[in-house]
Amino acid sequence: MVGNDIVDLTITSPINWQRNGFLQKVFTPTEQHYILNSEKPFQLVWLLWSMKESAYKMYMQQGGKRMFAPQKFECFLEKADKGMVFVEHLIYQTKSKFTKKYIHTIAYKTQFEGITKLISFTDTSEKNQSKQTHMLLKEEIAKHKKIKLDSLTILKNKRDIPQLYYNNKRLKIPFSISHHGTYGAIVFCQI
Amino acid sequence: MTQQELINKLKTIVKPYIQNEMAFQNMTPETDFINDLKINSANLVDVVLDIEDEFDIEMDTQSMEKMLDVKSAMDIINTKLKNI
């Protein structure tokens, strides 16, 4: 299984996280301490956020309960781009990539070997962005697995988790989709 | 406050963050903030903070955990208002 999350830094204005109460709602006291003592608090806020989100996506794939509890996903950073997220009895590894414009994090169990692709949108409609990221995932899977693009579909299961089908048969390729602002991202494991 | 008034107040709160106009127009207690209204999760924090400001209540982490749909938000607000 794999999770991922992208944050478009150009649309997350500093006002958003500096808003009274935001840090307390989202981060543990330790994480707040990291942020408030950081030279780049803005980047750190969204780095930790993307770690939590990507871990949450994995947690959901593993049958976790749907909830809005960012504080329950406790982040530890080993390096600027590598970390761990603890939730309940589970531990996830994370690796992140950041530029001035975005932060992208992948969450995985022990190691991640797979494909990552980012997409930049001109269209801001959520529906179209979602369609485009789905298409990107299908194209990449078709290319790497050498299978027919037309026979691939993505359907959500009862728990709202997207799943891949090939000629209506479930394909067990772990993948994760995310989009935010003008960016979309897909990751999948090569097994 | 009637339940319809409460829904209307919630509608005003979530309006800046929604990304699905149709689901927003037809918002009911069953509407899901993320799956239906397509509110991104960072903005869901804003919704929580806006609810706190609007109703002058404090949403603890246990309440926030359930903040996934309109009905849960209404339940949380109703319970908190009763206890004031």
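Structure above, values below:
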| read-out | value |
| --- | --- |
| Pair residue A:101, residue A:160: separation of 7 Å Cα→Cβ label points (nm) | 2.9 nm |
| Average Cα contact separation per residue, the stretch B:3-82, under 8 Å, 6 or more apart, as relative contact order % | 32 percent |
| Radius ratio Rg over Rh of the stretch A:3-111, counting only Cα atoms, Kirkwood formula for Rh | 0.94 |
| Rh by Kirkwood over Cα pairs, then Stokes-Einstein D for the stretch B:3-82 at 0.890 mPa s and 25 °C, µm²/s | 199 µm²/s |
| Whole-number percent relative contact order across chain A, with pairs defined as alpha carbons under 8 Å at least 6 apart | 29 percent |
| Residue A:179 accessible area, 1.4 Å probe, all protein chains in place, Å² to nearest 10 | 60 Å² |
| Of all accessible heavy-atom area on the protein assembly as shown, the percent that carbon and sulfur account for (1.4 Å) | 51 percent |
| Accessible area of chain A divided out per residue, in Å², using a probe of 1.4 angstrom | 52 Å² |
| Complex-versus-alone comparison for the stretch A:126-155, residues with a loss of 10 Å² or more in accessible area, probe 1.4 Å | A:126 |
| Percent of Cα pairs exceeding the 30 Å cut-off, where the set is the protein assembly as shown | 30 percent |
| B versus A: buried accessible surface, summed, Å² (probe 1.4 Å, to nearest 100) | 1900 Å² |
| Spacing of the two label points (7 Å from each Cα toward its C-beta) at residue A:82 and residue A:20, in nm | 4.2 nm |
| Residue B:75-residue A:142 FRET efficiency (beta carbon distance; Förster radius 41 Å; 0.05 resolution) | 0.35 |
| Members of A:57/A:79; A:52/B:66; A:156/B:38 lying beyond 19 Å, as alpha-carbon distances in this model show | A:57/A:79 |
| For residue A:59, solvent-accessible area (1.4 Å; no DNA, RNA or ligand), Å² | 10 Å² |
| When the stretch A:116-189 is reduced to its Cα atoms, the Kirkwood hydrodynamic radius in Å | 12.6 Å |
| Surface per residue (accessible, 1.4 Å probe) for the stretch B:3-82, Å² | 47 Å² |
| Interface residues in the stretch A:17-38 - accessible area drops by 40 Å² or more relative to the isolated chain, probe 1.4 Å | A:19, A:22, A:25 |
| Solvent-accessible area of residue B:51 with every protein chain in place, 1.4 Å probe, in Å² to the nearest 10 | 0 Å² |
| FRET efficiency, residue B:56 to residue A:67 (Cβ-Cβ, R0 22 Å, nearest 0.05) | 0.30 |
| Cα long-axis angle, helix A:126-145 against chain A (0 to 90 degrees, to the nearest 10) | 60 degrees |
| Computed label-point distance, nm, for sites residue A:109 and residue A:33 using a 7 Å Cα→Cβ extension | 3.2 nm |
| Part-to-part distance (alpha-carbon centres) for the stretch A:60-121 and the stretch A:156-186, which is given in Å | 16 Å |
| Modelled FRET efficiency - R0 41 Å, residue A:135 with residue B:84, Cβ distances, 0.05 increments | 0.25 |
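The values are calculated or read from the model by the stated rules, or taken from the named source; none is laboratory data. Keep in mind that what you see is a predicted model, and the values were worked out from it rather than measured. Note: ideal-geometry Cβ built from the backbone for every residue, glycine included; neighbour counts use all protein chains shown. Just the protein is used for accessible areas: all its heavy atoms, side chains included, with ligands, DNA and RNA removed. Shrake-Rupley method; radii C 1.70, N 1.55, O 1.52, S 1.80 Å.
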